[in-house]
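Presented below is the structure to which this report refers.
The values are calculated or read from the model by the stated rules, or taken from the named source; none is laboratory data. The model shown is predicted, which means the values in this text are computed figures rather than measured ones. Backbone-built Cβ (ideal geometry, glycine too); neighbour counts: all protein chains shown.
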Amino acid sequence: MSTKIVAIIGATGMIGGYLLEELLNNPAIETIRVIVRRPFEQKHAKLETKLVDFNDYESLKLAIDGCDMLFCTIGTTQKNVKGDKALYRKIDFDIPVKAARICKETGCEVFAIVSSVGANSKSNNFYLKLKGEVEDALSQSGLKSIHIMQPSQLLGDRKENRPAEKFFKGIMKVMSPVLTGSLAKYKPIHGRDVAKAMINAAKNGQKGIHRYSYNEMIILAS
């Protein structure tokens, strides 16, 4: 992966932040486009900030055009959208699917995204169903190389406080040693490892649609 122009949607989140750090420290990357809807304060010689209206197709297309790879780590929570499932879908489904469509149009053939363990468009769980629908839509995008990370509980530093998540992390850390075999995919994983796995999967550029759970991400991250 040399002198590539890469884009990140979701750089202000936990995994997006780790992803940006890793890419900034990668000498093979020439330009990193951070695609955001609000001003991005971080400065670096490699960084380009692209302010967009994610509801405006052409605005997003202008930001993506010319990129070789796109990393999508965008995601919200029920708390952030105040229980508005339509808004939740607009963020978690519309943005990545629209971005993938634009990637196909502009020749950006490598697309990496964070989904979730258990993602299934036929699930009765809203979150897992939504993630599954995103994966289904991406599989129909026609992109040459798609890499889908499916982490369980995420470890790392978040900017927002999530007490329930902290409690659950404690339980998962205790349970992690017994999660072996087919249950290994439910092991908690650090956000930086997910970020590293995304970069290495994209760098490999293997054709087709590839999904990575815990074991695969740990191998890729190392």
Considering only residues that are within 25 Å of His190 (Cβ to Cβ) and surrounded by 14 or more Cβ atoms within 10 Å (Cβ to Cβ), which ones fall in region 34-64? Val34, Ile35, Val36, Phe40, Lys46, Leu47
Hey, among the residues in region 144-160 that are of a type in the set (A, V, I, L, M, F, W, C) and under 13 Å from Leu70 (Cα atoms), which one's surrounded by the fewest Cβ atoms within 10 Å (Cβ to Cβ)? Ile148
Of (1) at pLDDT 95 or above; (2) more than 16 Å from the chain's Cα centre (by Cα), Pro151 satisfies every one except (2)
Scan of region 203-213 for residues that are modelled with pLDDT of 95 or more and either of a type in the set (A, V, I, L, M, F, W, C) or more than 15 Å from the chain's Cα centre (by Cα) (or both), ordered by number: Lys207, Gly208, Ile209
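State whether one or more residues within region 4-11 are more than 20 Å from Ile146 (Cα to Cα), of a type in the set (Val, Ile, Thr) and buried (at least 16 other Cβ atoms within 10 Å of the Cβ).
No, the conditions are met nowhere in region 4-11.
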What pairs can you find where one residue is in region 103-127 and modelled with pLDDT under 95, the other is in a strand (DSSP E or B) and among the polar types (S, T, N, Q), and their Cβ atoms are less than 8 Å apart, with a gap of 6+ or different chains? Glu109/Ser145
Suppose we keep only residues that are under 13 Å from Ile64 (Cα atoms) and not in a helix (DSSP H, G or I) within region 87-143. Which one would you say is nearest to the chain's Cα centre (by Cα)? Phe111
